[in-house]
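Undergrad: Next up is a structure, given as structure tokens.
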Amino acid sequence: MRSRQQRRIQRWRQAWLGILALGIAAMASAQAAGTAPALKLQDPPRTQFAQPPLLLKDFELVDQDARSFKFSQLRGQTALVFFGFTNCPNVCPPAMQLLRQVRRSLQQQDLAVEVVFISVDGERDTPAVIKQFLEPFMPGFVGLTGEPKLVKDIATAFSAVFFRGMPTDAVGGYNVEHTSQVYLVDRDGRMRATFFNAPAADVEAVTARVVRERVKK
């Protein structure tokens with residue numbers, strides 16, 4: 001009975017986080033309106049396009065090899081960005097599997113995309129921990145970590161939400177509640193779409209379309 005109740009609470013938390021993220025995304029889109037022409041695409045289910053595309057500010061974190069990594073290093077490449085943590089019991093495993101599936105499928109079409117995993121648990125997710133976590137997904141995955149306050153500011157720019165949850169045991173264990181969205185960033189560092197637990201086929205199709213875009217002279 002207790003485990004069933006915990007699952008209901010988990011589902012309620014994820015639904016609330018998703019609604020909150022949608023609200024933040026809508027406000028960001030409204031603030032950005034008029035700054036660039038909108039990409040006229042029909043939204044697949046569970047997909048929200050940034051209209052107009054949202055230029056993201058550069059930021060700097062530490063990668064899985066303990067090296068400084070600026071987000072601007074990805075310029076010229078299309079990227080799928082996900083906020084999670086290595087001890088995540090429910091949300092991250094299926095999201096990471098989806099990202100690996102999408103990347104492999106795009107590779108088979110000769111379409112390159114990077115996957116960026118940003119930890120929302122900087123206190124425990126050291127570069128070494130993230131490197132071990134990402135090992136089954138390599139290559140093509142970049143893991144980033146940093147101070148929780150800095151990551152929270154970065155997450156806000158993406159309209160992502162996370163916060164430290166209640167203790168899970170008597171020795172300091174805890175979970176981090178966070179949204180499950182995946183964010184599509186184009187080669188110019190602009191957020192183009194947000195996927196809300198979208199099927200892999202939709203994530204792949206939208207990402208492929210953005211990768212195939214020609215750079216305008």
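Undergrad: Return the residues of region 155-171 that are among the aliphatic types (A, V, I, L, M) and under 14 Å from Val182 (Cα atoms); say none if nothing qualifies. Lay out the reasoning, then the answer.
TA: Kept after step one, since they are among the aliphatic types (A, V, I, L, M), are these residues of region 155-171: 155, 157, 160-161, 166, 170-171.
Hits for region 155-171 are Ala155, Ala157, Ala160, Val161.
Undergrad: What number of residues within region 149-173 satisfy the criterion of being out of contact with any helix residue (DSSP H, G or I) (no Cβ under 9 Å at 6 or more places or on another chain), under 22 Å from Ala128 (Cβ atoms) and either modelled with pLDDT under 90 or buried (at least 18 other Cβ atoms within 10 Å of the Cβ) (or both)?
TA: The qualifying residues number 4.
Undergrad: Can you tell me which condition Arg124 does not meet? The list is (1) outside any helix (DSSP H, G or I); (2) closer than 17 Å to Phe71 by Cβ; (3) basic (Lys, Arg), and all the others hold.
TA: (2)
Undergrad: Quick one: would you say Gly76 is surrounded by fewer than 14 Cβ atoms within 10 Å (Cβ to Cβ) and touching a residue at least 12 places away in the same chain (Cβ under 8 Å)? Spell out the reasoning first.
TA: Numbers: surrounded by fewer than 14 Cβ atoms within 10 Å (Cβ to Cβ): yes; touching a residue at least 12 places away in the same chain (Cβ under 8 Å): yes.
Taking the combined requirement at face value, the residue satisfies it.
Undergrad: Given Asp169, Asp188, Asp202, which one is free of Cβ contacts under 8 Å to residues at least 24 places away in the same chain and more than 14 Å from the chain's Cα centre (by Cα)?
TA: Values: Asp188 fails: free of Cβ contacts under 8 Å to residues at least 24 places away in the same chain; Asp202 fails: free of Cβ contacts under 8 Å to residues at least 24 places away in the same chain.
One residue alone meets the criteria, Asp169.
Undergrad: Which is assigned to a helix (DSSP H, G or I) and over 22 Å from Ser68 (Cα atoms), of Ala160, Ala193, Ala170, Ala201? Before you say what the answer is, go through the steps one by one.
TA: Values: Ala160 fails: assigned to a helix (DSSP H, G or I); Ala193 fails: assigned to a helix (DSSP H, G or I); Ala170 fails: assigned to a helix (DSSP H, G or I).
Result: Ala201 is the single residue among Ala160, Ala193, Ala170, Ala201 that is assigned to a helix (DSSP H, G or I) and over 22 Å from Ser68 (Cα atoms).
Undergrad: Among (1) of a type in the set (A, V, I, L, M, F, W, C); (2) closer than 19 Å to Gln181 by Cβ; (3) not in a helix (DSSP H, G or I), where does Leu111 come up short?
TA: (2)
The values are calculated or read from the model by the stated rules, or taken from the named source; none is laboratory data. Note that this is a predicted model, so its numbers are computed, not measured. With ideal geometry, Cβ positions are generated from the backbone for all residues, glycine too; neighbour counts draw on all protein chains shown.
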